[in-house]
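For reference, the structure is listed below as structure tokens.
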Amino acid sequence: PELTYAWIFNEYPTFVHQDNRRFVSQETGNLYIAKVEASDVGNYTCVVTNTMTNSRVLGPPTPLILRNDGVMGEYEPKIEVQFPETVPSAKGTTVKLECFALGK
């Protein structure tokens with residue numbers, strides 16, 4: 001793949017490591033966290049790398065806050081990226097890819 005996805009946890013160089021609770025989709029860029037724990041609270045920043053040019057773009061930090069009242073809010077929390085499979089662009093032009101966080 002020309003694009004790869006990673007997530008920074010709080011500050012660089014601390015990246016989210018995939019394990020039995022955390023998964024980063026290399027198709028969508030989505031970050032999935034199962035059974036959120038207090039240690040997961042912090043800011044998450046999406047990093048998209050173009051492997052052809054070896055260039056990186058960082059999205060804005062997205063805070064994850066642990067609620068103790070059991071209320072999910074209006075939407076189920078989800079950090080989502082919806083990039084097309086290919087992004088054609090002319091040499092020397094700027095391409096902007098954004099990550100979005102949904103939910104409370």
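Computed from the coordinates by the stated procedures, all read-outs in this text should not be read as laboratory data. Keep in mind that this is a model prediction, so the values were computed, not measured. FYI the Cβ positions are ideal-geometry reconstructions off the backbone, even for glycines, and counts take in every protein chain you see.
Quick notes on this one:
- Protection proxy ranking of 42-49, 58-65, 90-97 - average other beta-carbon atoms within 10 Å, highest first: 42-49, 58-65, 90-97
- Within the shell of other residues whose beta carbon sits under 13 angstrom from the beta carbon of Gln26, the net charge comes to -3, with Lys and Arg scored +1 and Asp and Glu -1.
- Additional length obtainable on full extension of the chain from Lys96 to Arg21, 0.36 nm per residue less Cα span: 24.0 nm
- Other residues whose C-beta falls under 14 angstrom from the C-beta of Ser39 contribute a net charge of 0, scoring Lys and Arg +1 and Asp and Glu -1.
- Compared with the direct C-alpha span, the chain from Asp40 to Ser89 gains 14.0 nm at full extension, assuming 0.36 nm per residue.
- Taking θ as phi - 60° and the Karplus parameters 6.51, -1.76 and 1.60, the scalar couplings of the range 31-39 work out to 9, 10, 10, 9, 6, 4, 10, 4, 5 Hz in sequence order, x denoting glycine and proline.
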